[in-house]
């Protein structure tokens with residue numbers, strides 16, 4: 001199916017574009033609704049969100065990043081839908097932390113208020129993966145470089161004070177650059193983007209690469225994840241609950257999500273629970289029936 005956008009049906013999608021499978025429209029709509037719900041309290045962040053999703057340069061960056069990631073590297077979705085899911089999940093965690101009086105760095109150290117914080121998280125999430133269009137390796141660095149001209153155009157529409165604008169820009173760029181597990185998080189903001197990035201692991205996200213023939217453990221594990229729930233925790237402020245139909249999903253939980261939580265500024269605020277559903281089933285749901293070597297890679301048989 002073609003891409004759909006739930007903020008404005010009049011947006012044009014021309015040029016290079018990667019078609020997305022069934023189910024992605026629902027994922028996008030759910031993410032946008034969650035973003036709007038949080039940002040309804042934060043006018044500056046809401047304005048920035050609307051500017052970004054309607055911006056031709058941003059949309060072209062999403063398309064190109066997804067083209068390289070999906071079509072050329074056979075990875076899963078790293079485009080517009082993924083960016084919106086990451087933004088929604090980062091904002092959900094931000095809201096829970098705020099309710100528990102846990103202040104992110106920009107607020108704690110006097111940079112601004114929660115509206116500024118929501119803007120930082122939303123913007124970093126939407127732009128964190130655009131560097132994939134240059135190359136997957138070092139893509140967080142590429143993303144931060146590509147984000148600078150976008151921020152230089154749009155942030156002045158929100159902030160008239162140059163010092164405030166530059167400080168906001170700095171936190172956005174830090175969160176973009178440090179979202180990957182290979183880069184140590186030194187701010188709460190970068191940890192929120194990194195963990196939110198890892199929570200986008202449902203079977204809808206894995207399906208695209210699987211449809212293109214990939215049977216890697218990353219894809220099969222992602223296809224085992226039925227649902228990711230971000231909720232208020234019992235022992236810690238946030239609980240991330242992962243519902244799996246197959247135990248191979250544990251790989252995704254440990255190698256993708258776990259690595260971004262452990263050792264990060266969020267480690268003391270997040271608990272992770274992975275469960276097999278339905279609980280009464282005795283056997284895992286079969287995802288791959290057979291594989292065969294075709295050329296230099298294994299594909300589903």
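Readers should treat all values here as calculations from the given coordinates under stated rules, not as data from a laboratory. All values derive from a computational prediction rather than experimental measurement. Every residue, glycine among them, receives a Cβ derived from its backbone with ideal geometry; neighbour counts consider all protein chains shown.
Extension gain for the segment residue 267 to residue 186, taken as residue separation times 0.36 nm less the Cα-Cα distance, is 27.9 nm to one decimal.
Can you pull the Rg over Rh of region 24-199, Cα-only, Kirkwood? Don't jump to the answer; show the numbers that get you there.
Numbers: Rg = 14.8 Å, Rh = 15.8 Å.
Result: Rg/Rh = 0.94.
Let me check against my output: what whole-number percent is the relative contact order of region 24-199, with C-alpha pairs under 8 Å and at least 6 apart? For region 24-199, the relative contact order is 25 percent. Note on residue 251/residue 72: beta-carbon distance plugged into 1/(1 + (r/R0)^6) with R0 of 25 Å gives a FRET efficiency of 0.55. Distance between the 7 Å Cα→Cβ label points at residue 141 and residue 231: 4.2 nm. Taken as Cα centroids, region 111-187 and region 225-264 sit 25 Å apart, rounded to the nearest whole angstrom.
The calculated FRET efficiency for the pair residue 56 and residue 164, based on their C-beta separation and a Förster distance of 35 Å, comes to about 0.85.
The stretch between residue 19 and residue 36 holds 3.6 nm of extra length on full extension. This uses 0.36 nm per residue minus the Cα-Cα distance.
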